[in-house]
Amino acid sequence: MGQPADSVPCIGISINFIHADPTRPIFKGMTLQFLEERMTLSVQRAGAIPIGLPDLKDVPSTAALLSRVDGVLLAGGADLSPSSYGEEPLRPEWAGDRARDEYELRLVEQARRLGLPLLGVCRGIQLVNVALGGTLYQDIVTQREGALTHRDWHRYDALGHPVRVEADSWVGRLYHGATELEVNSVHHQGIHRLAPSLRATAWAPDGIVEAVELADMSDEWIAGIQWHPEWLEAPDQGGDPRTCAGGRACGGTVFEAFVDVCRQRRGQARAAAS
Ligand code: MN
């Protein structure tokens, strides 16, 4: 990686669950905890060591696990449970993954206690919003009149839309003050009521919030983006390294910047300990 091994930050990535299924031919009746590969490779490519964060089920174990990492990445995956933000599911199929919510809310609480930078991606931005007191649309299509298509199974990560970006924000500065970016869109839910301590920093053309950060980033570092930067790879050679195929905003830029934040935090933590 071209830097002293000791300065390489470790980034904990939240896992996805495949819950127990008695009809599955392998791991019959067992719960699986897994990572999506392109997320781990994106973190690695950006110069950090990706570490999957298993659900250890209790606070002391979670705190001990997080004491070994320099930042936390909340990954994409299943919908949140409306019960995590004080609502009942409007339809059974929108009940979400309450077990994963509990696990990730525990991660957020302990990461904040340890002062670890937190970045949420897709489900992760929604989790951050809920953890800080906001709410979600359980289903953008039926709850937000005139909304764009934000997820399509057939087009999947080929689906996208532009976002208007606040130039004076973490995401805006990543792209050198660009006020419009092309991003992918693979989400069923979205931010409804923004958490009081967050500010929105990017919006889809229909007004859906696509990026957030803490209104005050001086003491704590928390940000989220609604798109999937791990699925937006830079061109192999030539061209603007901030732009990937289809003119979309290169995802590597997001990971490199987050790794920088975590590297700084690692340096500060080590200086304080010595
Ligand atoms: Mn979207």
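The values are calculated or read from the model by the stated rules, or taken from the named source; none is laboratory data. What you see is a predicted model, and the numbers here were worked out from it, not measured in a lab. No Cβ is skipped: glycine too gets one built from the backbone with ideal geometry, and neighbour counts run over all protein chains shown. Protein only, heavy atoms only, side chains kept; ligands, DNA and RNA dropped before computing areas. Shrake-Rupley method; radii C 1.70, N 1.55, O 1.52, S 1.80 Å.
Couple of notes before you dig in:
- Residue within segment 92-101 that is crowded, with 17+ Cβ neighbours inside 10 Å and within 20 Å of Gln268 (Cβ to Cβ) present: no
- Neighbours by Cβ (under 8 Å, 6+ apart or cross-chain): first from segment 53-78, closer than 16 Å to Leu35 by Cα; second hydroxyl-bearing (Ser, Thr, Tyr) and in a strand (DSSP E or B): Leu53/Ser14; Val72/Ser14; Leu73/Ser14; Leu74/Ser14; Ala75/Ser14
- Residue match in segment 181-196 (condition: over 21 Å from Val259 (Cβ atoms) and of a type in the set (Lys, Arg)): yes
- Pairs, first among the charged types (D, E, K, R) in segment 155-172, second more than 16 Å from the ligand (Cβ to nearest atom), C-beta under 9 Å, six or more apart: Arg164/Thr179; Glu166/Gly172; Glu166/Thr179; Glu166/Arg199; Asp168/Gly177
- Filtered residues of segment 1-47 (kept if charged (D, E, K, R) and outside any loop (DSSP other than H, G, I, E, B)): Asp6, Glu37, Arg38, Arg45
- Filtered residues of segment 15-28 (kept if free of Cβ contacts under 8 Å to residues at least 12 places away in the same chain and open to solvent by 70 Å² or more (accessible area, probe 1.4 Å)): Pro22, Thr23, Pro25, Ile26, Phe27, Lys28
- Residue within segment 29-47 that is among the hydrophobic types (A, V, I, L, M, F, W, C), open to solvent by 70 Å² or more (accessible area, probe 1.4 Å) and at pLDDT below 95 present: no
- The single condition among (1) open to solvent by less than 40 Å² (accessible area, probe 1.4 Å); (2) within 14 Å of the ligand (Cβ to nearest atom); (3) in contact (Cβ under 8 Å) with a residue 60 or more places away in the chain that Pro117 does not meet is (2).
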